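See structure below.
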Amino acid sequence: MTPRETIAILDFGSQYSQLIARRVRECHVYSELLPSHATAERLRSGNVKGVILSGGPASVYESGAPRCDPAIFELGVPVLGICYGMQVACQLLGGQVQAGQTREYGRTRLRIHRPDTLLAHLPSETTVWMSHGDIVTAVPAAFDTLASTDGCPLAAVRHRERPVFGVQFHPEVTHTPGGEQMLRNFVYDLCGCRGEWRVGNVIDAAIEQVRARVGPAQRVICGLSGGVDSSVVAALLHRAIGDRLVCIFVDNGLCRNREAELVEATFRGHFQIDLRVADARERFLARLAGVTDPQQKRLIIGHEFIAVFREHAERVEGAAFLAQGTIYPDVIESGHGPGGQTAMIKAHHNVGGLPAELGFELIEPLRNLFKDEVRLLGEALGLPEALVWRHPFPGPGLAVRVIGEVTEPRLRILRDADEILLDELHAAGWYRRIAQGFAVLVPVASVGVMGDGRTYEGQNLVVLRLVESTDFMTADWARIDYAVLATVASRIMNEVRGVNRVAYDISTKPPATIEWQ
Ligand code: XMP
């Protein structure tokens, strides 16, 4: 089997690098992010049809600035440099890069001089998104100028003898309306890709791989969290190996209302998977009694999770593998960290440390997929919408959303308030429009009035936190309709005993985080 056609993206550290990879995949071409120093030799070993050099925060003329292996320009496949990537390419091919007279940030008019190759099928003037201080000021005679802006005469260039292209702007962001066309021109017309990447194809390939690894008498354990990643892994493995899959769901009592039921109904009921539910609700609560420090809560919960999971895993006969929902961003982040390229196991999945301790081998069928691709896969595997489109939920669950001590009465208040919030978000069509939405219980007594009396006793503040985010590294508060907020607040104060005040969190990340603890 020929390896699938791939566009390699060399990552110079731009905040948009992952976005480039996703945009290429949206053109149905598989893409992979590699460190900027990946050698031409390494690229030659795969079915690499083209290379994109990403943007990055450095200046190419500074000492120690990252460059790419110049032999990449000899590979014979098209190379597209974006922003810093263009500057690196032009510098290595004899051009000059300097600080620009003016820095260009934001939307800029681009005048296209040569509407062919990279800039084919575009109007003669279009808007592009700029974000740079340096510019390419001179290129050798072998380069053609394809387009310019007021502040950047060489805004898009191409080499006449080699298939090397550069753009100073960012075609990968939605603020560049012609960006998608440019990337399509690159991957289809210039690189000759056929566009065969479909998430659905992953299912067959993954099933084949799993069947080849797992012997007839062996079993695979999958820890279900109720989140989309582990759910998709379970559904996929079930299709591959049927009843040789055993799922373990640790009910730590820190879930939302009806969450454990949804997991049971889906996996035991619908898929008829061997699901073992570890009811550890009392055990977790007992360990959390009197604990108020958030870090301490996380440690206790992580430790307890491993202990409970272990006890159940050890009872599974013939268990040789542990399946995890590691996804591509987890792999890239760890691969690019100071530790070099060694990919690490997803730490916050709470099962870090288990495979080695218990002697399991890891199965990670989602390692190459972005979150939105995992969701498509989940839909293709027949998972219910409530699981596939679920917002992220932290491993320590509601314990980090009950400020102060975690007790059952407090959890009950939070669960009820949170359920109302989610119901109303669904009803108003807002759930899928935001990245994450939840309630936080802040047990401070503020004065209230109910009936004829003033109330303090046993009253709490509930804070609503709704955010928009693409990668959860930065986030903005959602500009949700006041009418929805009004309904949610009124329902919570009327229906949930112990709440007399509701507030809306308008903090951005940074400096705040998405979770309160
Ligand atoms: P923060 O609060 O750091 O959250 O802005 C970013 C994203 O990560 C989620 N989160 C966690 N997920 N275990 C997890 O699995 C954790 O301990 C944890 N803490 C935060 C958070 O919900 C948000 O989506």
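The values are calculated or read from the model by the stated rules, or taken from the named source; none is laboratory data. Predicted model, so just to flag it, every value in this text is computed and none were measured. Positions of Cβ are backbone-derived with ideal geometry, glycine not excepted, and every protein chain shown enters the neighbour counts. Areas reflect the complete protein model, heavy atoms only, side chains present, ligands, DNA and RNA absent. Shrake-Rupley method; radii C 1.70, N 1.55, O 1.52, S 1.80 Å.
With a 1.4 Å probe and every protein chain left in place, work out the accessible area per residue of the chain in Å², rounded to a whole number. Let's see the in-between values first.
On the way: 22820 Å² over 517 residues.
The answer is 44 Å² per residue.
Please label the shape of segment 401-504 as rounded, prolate or oblate, based on the square roots a ≥ b ≥ c of the eigenvalues of the alpha-carbon gyration tensor (a/c under 1.5 means rounded; beyond that, a/b larger than b/c means prolate, else oblate).
The shape class here is prolate.
Would you calculate the separation in nanometres between label points at residue 452 and residue 212, each defined as 7 Å from the Cα along the Cα-to-beta-carbon direction?
8.0 nm
Indicate, rounded to the nearest 5 percent, the antiparallel portion of the DSSP beta bridges found entirely in segment 6-190.
55 percent
For the chain, what's the relative contact order in percent, using C-alpha pairs closer than 8 Å and at least 6 residues apart?
Values: 1001 pairs, mean separation 49.6, N = 517.
Answer for the chain is 10 percent.
What does the accessible area of residue 191 come to, in Å² to the nearest 10, when a probe of 1.4 Å is used?
Its accessible surface works out to 20 Å², give or take rounding.
Find how many whole Å separate the alpha carbon centroid of segment 403-420 from the alpha carbon centroid of segment 287-310.
Between the Cα centre of segment 287-310 and that of segment 403-420, the gap is 17 Å.
Roughly what % antiparallel, to the nearest 5, for the DSSP beta bridges in the chain?
The answer is about 45 percent antiparallel.
Got the relative contact order for segment 200-388 handy, in percent, Cα pairs under 8 Å and 6 or more residues apart?
Relative contact order of segment 200-388: 28 percent.
Could you tell me which of rounded, prolate or oblate describes segment 200-388, using a ≥ b ≥ c as the square roots of the eigenvalues of the alpha-carbon gyration tensor, with rounded for a/c under 1.5 and, failing that, prolate when a/b is larger than b/c and oblate otherwise?
rounded
Taking the convex hull of the Cα atoms, report for segment 6-190 its projected area averaged over all directions, in nm². List each step's numbers first, then the result.
On the way: hull surface 35.9 nm².
Hull-based average projected area comes out at 9.0 nm².
How many angstrom lie between the Cα centre of segment 22-74 and the Cα centre of segment 100-114?
24 Å
Taking the inverse of the average 1/r across all pairs of different Cα atoms in segment 165-264, what Kirkwood radius in Å do you get?
Final number for the Kirkwood radius of segment 165-264 is 17.5 Å.
Rg and Dmax of the chain, using alpha carbons, in Å: what are they?
Values for the chain (Cα only, Rg and Dmax): 26.1, 85 Å.
Specify the angular offset, from 0 to 90 degrees and rounded to the nearest 10, of the alpha carbon long axis of helix 17-26 from the longest principal axis of the alpha carbons in the chain.
With rounding to tens, the tilt is 90 degrees.
On a C-alpha basis, how far is the centre of segment 435-461 from the centre of segment 192-220 in Å? Whole number, if you could?
If you average the Cα positions of each part, the centres end up 51 Å apart.
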